[in-house]
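Q: There's a structure below that I have some questions on.
Quick note: the coordinates plus some simple rules give every number you see, no bench work behind them. Since the model is a prediction, treat every value here as computed from it, not as a measurement. We place every Cβ from the backbone using ideal geometry, glycine too, and count neighbours over all the protein chains shown.
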Amino acid sequence: MPLQRTLFADEHNAFRETCRTYFAKHAVPNNERWAKEGIVDREAWREAGRQGLLGFAVDEKYGGGGVRDFRFNVVLGEEQIRAQATGLGFPVHVDLILPYLERLATEEQKERWLPGYCTGDIITAIAMTEPGTGSDLQSIKTTAIRDGGYYVLNGQKTFITNGIHSDLVIVAAKTDPAQGAGGLSLIAVERDTPGFERGRNLDKIGLKAQDTAELYFSDARVPAENLLGEEGQGFVYLMQNLVRERMTIAVAAVAAAEAVLDLTMEYCKSRTAFGRPIGKFQHNRFLLAELATEVTIARTFIDRCIEDHNAEALDIPTAAMAKWWTTELQTKVVDRCLQLHGGYGYMSEYPIAQAFIDSRVQTIYGGTTEIMKEIVGRSLGF
């Protein structure tokens, strides 16, 4: 018997049923079409808003549920992964964006954006990565120069999740290019801002239903009141949110590994070769035993990290450990499980094939495995 999780209370289990029902009704029937179209329906976002899946952590006065408990984020993320509803950019909207708006937005900004955030009428994104920067945020070249009551933005961003649908984009830009990281600020750019254009919906090898775009700013004039927090503190704000981002990815990695392993064990019971289920062959049985053990270890570690993060006690090196180890494990589990499916695992209509191509980016975004190991190594004094 697998270890019983002790992380959740009755309210989390009830929320899980709500999430599971939503994805079964509004995502699973559309996943294939969304993947072909390269984007999900906006109505799916609005329905999620009506079900209370987007704004549960937002203050009630802005239309949210007023519940700040990362375990609800975990439940939403786990159920989304199990439904293979990877096109819906909820993790960015719910996990990544809200902390910036909660901590940095003025009362006027909150009143302007948070109600639509909760209903799904305002879809959010964050724009850090540029064609030449990747993980090197200090080298960002996009500028936001003050001109009277406006910031004038110039530059380009790429690999932006929710990039096509987004109505509000938090843009990392240099307000004082001479100051390096100290000149970085966060500017909230709204959809109809003059000079702000979306490029193509990028053609990825996986996560086909998720709109991932290039963004262009050409003398885009953004009202000065759209500055988030203080000028020159953008790099600090981004660093403060990295633990949450990496935990979100780690949670998804373990959920995906568990889902793929469950799927494969069922396959190994029903698929026969040489007169018996393929799971009965010693090599396959041993492989499944190894994967089950490693996934259980990952689950135990991540659940402890979730507890610490909920108590605001999870540090950056431990979050880096969680991110790199679970995502590398996810790719390993998916690879081994695809092998057990044989030729059928290579067929696109099989869920294991979809899991294989979707998993590959996990070790890249949110900080590559190499960057994560560098963070851990430095924390050890090297």
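Q: Assigning unit charges at the beta carbon (Lys, Arg +1; Asp, Glu -1) and nothing else, what dipole magnitude in debye, to the nearest 20, does the chain show about its Cα centre?
A: Around 1320 debye, computed over the chain.
Q: Report the full-extension gain for the segment residue 368 to residue 147: residue separation times 0.36 nm, less the Cα-Cα distance, to one decimal in nm.
A: 75.9 nm is the gain from fully extending residue 368 to residue 147.
Q: Can you give the translational diffusion coefficient of the range 175-222 in µm²/s, computed by Stokes-Einstein from the Kirkwood radius over Cα pairs at 37 °C and 0.692 mPa s?
A: 250 µm²/s
Q: What is the projected area of the convex hull of the Cα atoms of the range 1-141, averaged over all directions, in nm²?
A: The directionally averaged projection comes out at 11.3 nm².
Q: Related question: Just the Cα atoms of the chain: what Rg and Dmax do they give in Å?
A: Both quantities, over Cα of the chain: 21.3, 79 Å.
Q: Quick one: which residues, 5 or more positions from residue 171 or on another chain, have an amide H under 5 Å from its amide H? H modelled 1.01 Å from N in the peptide plane, none for Pro or chain starts.
A: 127, 187, 188, 189
Q: When the chain is treated as a GNM, springs tying every alpha-carbon pair under 10 Å, which of 364, 126, 160 comes out with the largest mean-square fluctuation?
A: Answer for the Gaussian network model of the chain: 364.
Q: If the chain between residue 221 and residue 47 were fully stretched, how many nm would it gain, using 0.36 nm times the residue separation less the Cα-Cα distance? Please report the intermediate quantities before stating the final value.
A: Working: separation 174, 0.36 × 174 = 62.64 nm, distance 3.26 nm.
Difference between extended and current length: 59.4 nm.
Q: Let me ask something else about it. For the range 158-280, compute Rh as the Kirkwood radius over C-alpha pairs and then the Stokes-Einstein diffusion coefficient at 37 °C and 0.692 mPa s; write the answer in µm²/s, rounded to an integer. Before the final figure, lay out each step's value.
A: Working: Rh = 18.1 Å.
In µm²/s, the coefficient rounds to 182.
Q: Now, a different point. Using +1 at the Cβ of each Lys and Arg and -1 at the Cβ of each Asp and Glu in the chain, identify which of 257, 222, 235 lies farthest towards the dipole's positive end.
A: In the chain, that residue is 257.
Q: Equivalent ellipsoid semi-axes for the range 199-258, as square roots of 5 times the alpha carbon gyration tensor eigenvalues: give them largest first, rounded to whole Å.
A: Three semi-axes, in Å: 29, 22, 8.
Q: Which semi-axis lengths, in whole Å and largest first, follow from the square roots of five times the eigenvalues of the Cα gyration tensor of the range 118-165?
A: Numbers: eigenvalues 93, 69, 13 Å².
Taking √(5λ) for each eigenvalue gives 22, 19, 8 Å, largest first.
Q: Let me ask something else. If you average 1/r over all unlike Cα pairs in the range 76-226 and invert the result, what Kirkwood radius do you get in angstrom?
A: Evaluated on the range 76-226, it is 15.9 Å.
Q: Something else about it: Go ahead and set up a Gaussian network model of the chain, Cα springs under 10 Å, then flag whichever of 304, 71, 191 fluctuates most.
A: 304
Q: I'd like to compare 318-326, 265-273: which one has the highest average count of other Cβ atoms within 10 Å, and what's the full order after that? Walk me through the numbers on the way to the answer.
A: On the way: 318-326: 25.2, 265-273: 14.1.
Answer by packing, highest mean first, reads 318-326, 265-273.
Q: Still on this structure: When the helices in the chain are scored as -39500 (n - 2.57) per DSSP H run of 4 or longer and the sum is shared across all residues, what 222 nm value do you end up with, to the nearest 500 deg cm²/dmol?
A: -14500 deg cm²/dmol
Q: So how much slack lies between residue 346 and residue 203, counting 0.36 nm per residue of separation and subtracting their Cα-Cα distance, in nm?
A: Numbers: separation 143, 0.36 × 143 = 51.48 nm, distance 2.02 nm.
Additional length available on full extension: 49.5 nm.
Q: Follow-up. Taking 45 Å as R0, compute the FRET efficiency from the Cβ-Cβ separation of residue 18 and residue 156 and round it to 0.05.
A: 0.70
Q: Turning to a different aspect of this structure: In a GNM of the chain with a 10 Å cut-off on Cα contacts, which of 289, 220, 257 has the highest mean-square fluctuation?
A: 289
Q: In nm, to one decimal, how far is the residue 378 label point from the residue 296 one, both placed 7 Å along Cα→Cβ?
A: The two pseudo-label positions are separated by 3.7 nm.
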